[in-house]
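Peer 1: Starting off with a structure, shown below.
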Amino acid sequence: MTDWTSGYVTEIGYTHGYYAELKPLLMRQALVCQGVRHRWGGKLRYLELGFGQGLSLNIHAAATGGEFWGCDFNPTQAANAQELATASGANVTVLDASFEELALRTDLPAFDVIALHGIWSWISDVNRRHIVEIARRHLAVGGVFYVSYNTTPGWSPAMPLRHLMTLHTEFVSGKASGLETRIDAALGFAQSLADSNAAYFQANPALAERLKKIKSQPRNYVAHEYFNADWHPMAFSDMAEHLSEAKLSFAASVHLLDHIDAINLTPDQQKLLQAQSHPVLRESVRDYLVNQQFRRDLWVKGPRPMSPLVQAELAQSQSYVLATTREAIPLKVQGLLGEVELQSAVYNPLLDALAAKGYVAKTLAELRTLLTDLSPQQVAEGLLILSGMGRVLPAQTPEATRAAKPACDRLNTHLMKQAMHSGDVAYLASPVAGGGIGVNRFQQLFLKSLNAGKKSPAEWVQETWNIIAAQGQRLTKDGKIMAAPDENVAELTTQALEFEAKGLPILRALQVA
């Protein structure tokens, strides 16, 4: 019987995660920040490779508009993605195909963006070549290629640990026991080795904490992260060599805090990095300086520098919106050098301006007119850091927001209905942010009740409790299951009141509620 999996884990489904790095608006923000010209305008054509459960693909299709394609070889995941696409009515084409099959197609359009998140590290060299061929043939000139991947040197100490765990699942654990059971056995075996004071763990003391973290993670995540047949952390220089065959050049990290050297590198390290003129060597040196283990990179086919005037115009017209309430944002940012205090004289007025008028999105130009005591550089850098923290989101134009809202509403209605029986999906689509917003299961059920005309938190709680209780489910608090109905209702009431005070204002500004 033909093995269509190519050694990729299919026994356990992938998580229903949302990945903001795949968001077109965030990619655009990173490229403008670095002054890199790219193909962007008119109707966006976007292809996601290896979309998992398809949540990111469908949220971005609904919230951004344009023409979205997704390819995943797992038919179960493709079916889930198609269900979401049907619910939203967005322009989504879901393909159940391998990368080899996709590379051979002659009917694909030229894409403005081709993106894959994490997949590169878990597939064979043959499949990597297929991906490069897809980019070579189907990414438009000036198009953007996004790829995230496990990298060295950060992963180097843990590579033998992963090898040991996969050996255990292959040689000791019985196939009939199921992958999740075999993973638990492999993790227990690795822990016993660590507890024996093995020299490998003594020489790499950080591995004990890494193993502890792995043991705490959901098994469907662990299965796909560590237990595929192929697992290849790759140096940046090797990635550059692969992608050069598709005429791609490195443009920017989509992780915006990577753009702020002051919070990640010492002055001597910054000086060392600035002395490297070759882009491949410079990025490689930076990976060693920060012990990089996961890269989130944008590459462009034919990049050109923006003129300062064009860069300024694009930056000025970009809108921003808060992702949380003003009060929930600490004046601290976590860089690789540790926690850094943000200047209250800059960030307090900036956050106040963003929160003004009911948190409505505001352009950089509008913020500058409100913040005359701050320099243009202070406002721009503040927005970059807050965006990198995830506290501020780039926002779409009012026209794009209006166009995206119907599809977002339809998708969110579908997701909130799913929340009645599952907490797998903890995101909804925002037409303002052009992407996903974290909204947990109970918050989705509260919002569902509100949309059905129930105005008070007490009504939301009663309806939510009726749904949960009918399924024999209970809430947990401090790691303990609450058995008594009154305890569950009390906890739901606490969450509902907090949601009314803190969650709803933001969701209304983001046009999720």
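The values are calculated or read from the model by the stated rules, or taken from the named source; none is laboratory data. Remember, it's a predicted structure, so these values are computed and weren't measured experimentally. Cβ placement follows ideal geometry from the backbone for every residue including glycine, while neighbour counts extend to all protein chains displayed. In case anyone asks, the SASA skips ligands and DNA or RNA and just uses the protein heavy atoms, side chains included. Shrake-Rupley method; radii C 1.70, N 1.55, O 1.52, S 1.80 Å.
Peer 1: Taking the Cβ-Cβ separation of ALA470 and THR493 as r and a Förster radius of 22 Å, what is the calculated FRET efficiency to the nearest 0.05? Intermediate results must be reported in sequence, preceding the final value.
Peer 2: Working: r = 19 Å, r/R0 = 0.85.
My answer for the efficiency is 0.70.
Peer 1: Show me the ranking of peptides 452-458, 242-248 by mean Cβ neighbours inside 10 Å, starting with the highest.
Peer 2: Details: 452-458: 12.7, 242-248: 17.9.
Answer by packing, highest mean first, reads 242-248, 452-458.
Peer 1: May I pose another question? Multiply the residue separation of ALA356 and GLN334 by 0.36 nm, subtract the distance between their alpha-carbon atoms, and state the gained length in nm to one decimal. Mind showing how you got there, number by number?
Peer 2: On the way: separation 22, 0.36 × 22 = 7.92 nm, distance 2.61 nm.
Residue separation times 0.36 nm, minus the Cα-Cα distance, leaves 5.3 nm.
Peer 1: Checking the cross-link filter: which lysines have an alpha carbon closer than 20 Å to that of LYS448, excluding same-chain neighbours under 8 positions apart?
Peer 2: LYS405, LYS417, LYS502
Peer 1: Roughly to the nearest percent, how much of the accessible area of the stretch 370-513 is carbon and sulfur, given a 1.4 Å probe?
Peer 2: Numbers: 3540 of 6730 Å².
On the stretch 370-513, the fraction of accessible area on carbon and sulfur atoms equals 53 percent.
Peer 1: How large is the accessible surface per residue of the stretch 450-513, computed with a 1.4 Å probe and reported in Å² as a whole number? Show your work: numbers first, answer last.
Peer 2: Numbers: 3590 Å² over 64 residues.
Ligands and nucleic acids excluded, the figure is 56 Å² per residue.
Peer 1: Right, something else. If you take the square roots of the eigenvalues of the alpha-carbon gyration tensor of the stretch 250-331 and sort them as a ≥ b ≥ c, do you get rounded (a/c under 1.5), prolate (a/b over b/c) or oblate?
Peer 2: Numbers: a/c = 1.95, a/b = 1.22, b/c = 1.60.
Oblate, since a/c reaches 1.5 and b/c is not below a/b.
Peer 1: Also: What are the semi-axes of the equivalent ellipsoid for the stretch 451-501, taken as the square roots of 5 times the Cα gyration tensor eigenvalues, largest first, in whole Å?
Peer 2: On the way: eigenvalues 76, 36, 11 Å².
For the stretch 451-501, the semi-axes come out at 20, 13, 8 Å.
Peer 1: Still on this structure: Taking a 1.4 Å probe, which of LYS448, LYS23, LYS332 shows the most accessible area, and what order do the others take after it? Walk me through the intermediate numbers first.
Peer 2: Details: LYS448 65, LYS23 10, LYS332 85 Å².
The most accessible residue leads, giving LYS332, LYS448, LYS23.
Peer 1: Sticking with this one: Would you calculate, for the chain, the mean residue ellipticity at 222 nm contributed by helices, counting each DSSP H stretch of 4 or more residues as -39,500 (n - 2.57) and dividing by all residues, to the nearest 500?
Peer 2: Working: 22 runs with 249 residues, N = 513.
Here the helix-only value at 222 nm equals -15000 deg cm²/dmol.
Peer 1: Here is a further query. For VAL172 and ALA345 in one chain, what is 0.36 nm times their gap in residues minus the Cα-Cα distance, to one decimal in nm?
Peer 2: Working: separation 173, 0.36 × 173 = 62.28 nm, distance 6.03 nm.
That pair, VAL172 and ALA345, stretches by 56.2 nm at full extension.
Peer 1: Can you tell me, using C-alpha contacts under 8 Å and at least 6 residues apart, the relative contact order of the chain as a whole percent?
Peer 2: Values: 849 pairs, mean separation 91.4, N = 513.
That works out to 18 percent.
Peer 1: On to the next question. Which value results when the Cα radius of gyration for the stretch 275-323 is divided by 2.2 N^0.38 Å?
Peer 2: On the way: Rg = 15.5 Å, N = 49, 2.2 N^0.38 = 9.7 Å.
Against the empirical 2.2 N^0.38 Å value, I get 1.61 for the stretch 275-323.
Peer 1: Taking the full set of protein chains and a 1.4 angstrom probe, give the accessible area of ASP184 in square angstrom, rounded to the nearest 10.
Peer 2: 70
Peer 1: What translational diffusion coefficient, to the nearest whole µm²/s, does the chain have by Stokes-Einstein, given a Kirkwood radius computed over alpha-carbon pairs, a temperature of 37 °C and 0.692 mPa s viscosity?
Peer 2: On the way: Rh = 24.6 Å.
Calculated translational D: 133 µm²/s.
Peer 1: May I ask you to give the percent of accessible area on the stretch 118-224 that is carbon plus sulfur, with a probe radius of 1.4 Å? Display every interim value, and only then the final one.
Peer 2: Working: 2690 of 4680 Å².
Result for the stretch 118-224: 57 percent of the exposed heavy-atom area is carbon or sulfur.
Peer 1: Report GLU313's accessible area, 1.4 Å probe, all protein chains in place, as a number in Å² to the nearest 10.
Peer 2: The accessible area comes out at roughly 110 Å².
Peer 1: Continuing with the same structure: Compute the accessible area per residue over the stretch 47-117, keeping the other protein chains in place, probe 1.4 Å, unit Å².
Peer 2: Numbers: 2060 Å² over 71 residues.
It amounts to 29 Å² per residue over the stretch 47-117.
Peer 1: Using the basic label-point model (7 angstrom from Cα toward the beta carbon), what is the VAL310 to LEU281 distance in nanometres?
Peer 2: 2.9
Peer 1: Something else about it: Between VAL141 and ASN197, what is the label-point separation in nm under the 7 Å Cα-to-beta-carbon projection?
Peer 2: So the two model labels end up 6.6 nm from each other.
Peer 1: Ok, one more. As a test question: what accessible area, to the nearest 10 Å², does ILE467 have when a 1.4 Å probe is rolled over all protein chains in place?
Peer 2: It works out to around 30 Å².
Peer 1: Over the stretch 384-513, calculate the relative contact order: mean separation of alpha carbon pairs under 8 Å at least 6 apart, over the residue count, as a percent. Spell out each step's value before the answer.
Peer 2: Working: 135 pairs, mean separation 30.1, N = 130.
Computed over the stretch 384-513, the figure is 23 percent.
Peer 1: Rank these residues by their accessible area, most exposed first, probe 1.4 Å: THR464, THR181, THR15. Before the final figure, lay out each step's value.
Peer 2: Numbers: THR464 0, THR181 80, THR15 30 Å².
The most accessible residue leads, giving THR181, THR15, THR464.
Peer 1: Ok, one more. Sort 54-61, 100-107 by the packing proxy (mean of other Cβ within 10 Å over each peptide's residues), most packed first. Before the final figure, lay out the partial values.
Peer 2: Values: 54-61: 29.0, 100-107: 13.1.
Top of the packing list down: 54-61, 100-107.
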